[in-house]
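Report on the following structure.
The values are calculated or read from the model by the stated rules, or taken from the named source; none is laboratory data. Since the model is a prediction, treat every value here as computed from it, not as a measurement. With ideal geometry, Cβ positions are generated from the backbone for all residues, glycine too; neighbour counts draw on all protein chains shown. Side chains included, ligands, DNA and RNA excluded: accessible areas come from the protein's heavy atoms. Shrake-Rupley method; radii C 1.70, N 1.55, O 1.52, S 1.80 Å.
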Amino acid sequence: MTFSLRQIGDPILTQVAEPVTEFRDPGLQHLIEIMLSTLKTSSGVGLAAPQVGSSLQVILVASRPTLRYPEAPQMEPLVMINPRPLAASPEQVLGWEGCLSVPDQRGLVARSREVEVEYYTPQGSRQRVAWQDFPARIFQHEYDHLIGQVFLQRHPQQLLSEAEYQAQILGQPATAA
Ligand code: K3U
Ligand code: ZN
């Protein structure tokens, strides 16, 4: 598998990802390593396999406090294989999202405030987790990548360039290019 961070326009980002069926496949471990190192170098809070060129159902969720989400929990990156939403709260909340595959755009997107999810660990053990707020938002964003969607298709209430997001929302003056 050749690695590059895929950007919108790449057909892999519109495909529905395939479930992992062989947990002992060394290719799966290699994919997870690539995803973890990409997450680290990009300072992202999540990542999905299609973004690195693999159409397998693998995502990372790595919440941490940010300027917009200071109350968010600090998590070690969680590897979720074949994740399946079991429940999503009818209550939705607006929040700002960015995407490593959508350069220079930030969107204000409505998402369920709470989710309950079943997934498999890299060792093949089945787990359940319930999240609220930022981790729930990251999960929904990453799960969307597995069904061929990006946040632009979730009808953002507002869409800003990175520079305008920093100036208007974070209140930080634009830096010289
Ligand atoms: O560095 C990012 C970031 C955005 C908001 C808070 C903290 C960091 C870049 S965007 C990001 O981390 C995406 C990762 C993606 F695109 F690969 F899926 C995850 C994400 C960010 C914000 C809300 C929901 C999901
Ligand atoms: Zn994304």
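Sort out which residues of region 105-121 are part of a strand (DSSP E or B) and touching a residue at least 40 places away in the same chain (Cβ under 8 Å), and write them in order of number.
105, 106, 107, 108, 109, 110, 111, 120
The numbered conditions (1) within 15 Å of ligand 1 (Cβ to nearest atom); (2) without any contact (Cβ under 8 Å) to a residue 40 or more places away in the chain are all true for residue 137 except (2). When region 83-104 is limited to residues that are assigned to a strand (DSSP E or B) and closer than 30 Å to residue 124 by Cβ, the one that is nearest to ligand 1 (Cβ to nearest atom) turns out to be 99.
Restricting 166, 172, 153 to residues that are without any contact (Cβ under 8 Å) to a residue 24 or more places away in the chain, over 19 Å from residue 89 (Cβ atoms), open to solvent by 60 Å² or more (accessible area, probe 1.4 Å) and away from ligand 2 (no atom under 16 Å from the Cβ) narrows the list to 172. Residues in region 31-41 that are open to solvent by 90 Å² or more (accessible area, probe 1.4 Å) and more than 14 Å from the chain's Cα centre (by Cα): 33, 41.
Filtering 146, 60, 94 for residues that are in contact (Cβ under 8 Å) with a residue 12 or more places away in the chain and open to solvent by 20 Å² or more (accessible area, probe 1.4 Å) leaves a single hit, 94.
Each row is one residue, and each column tells you yes or no for (1) in contact with a strand residue (DSSP E or B) (Cβ under 7 Å, 6 or more places away or on another chain); (2) at pLDDT 95 or above; (3) more than 13 Å from ligand 1 (Cβ to nearest atom).
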position	(1), (2), (3)
26	no, yes, yes
51	no, yes, no
54	no, yes, yes
66	no, no, no
69	no, no, no
74	no, yes, no
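Considering region 73-82, and only residues there that are in a loop (DSSP other than H, G, I, E, B) and within 15 Å of the chain's Cα centre (by Cα), the residue that is nearest to ligand 2 (Cβ to nearest atom) turns out to be 77. Hey, could you check region 122-143 for residues that are over 23 Å from residue 65 (Cβ atoms) and not in a strand (DSSP E or B) and say which is nearest to ligand 2 (Cβ to nearest atom)? Among those that are over 23 Å from residue 65 (Cβ atoms) and not in a strand (DSSP E or B), it is 122.
Comparison of 2, 21 shows that the only residue that is modelled with pLDDT under 95 and loosely packed, with under 13 Cβ neighbours inside 10 Å is 2. Taken over region 18-52, the residue count meeting the criterion of being within 15 Å of residue 123 (Cβ to Cβ) and touching a Lys or Arg at 6+ places or on another chain (Cβ under 6 Å) is 0.
Taking the criterion of being surrounded by fewer than 18 Cβ atoms within 10 Å (Cβ to Cβ) and touching a strand residue (DSSP E or B) at 6+ places or on another chain (Cβ under 8 Å), the residues of region 125-143 that qualify are 126, 127, 128, 129, 130, 132, 133.
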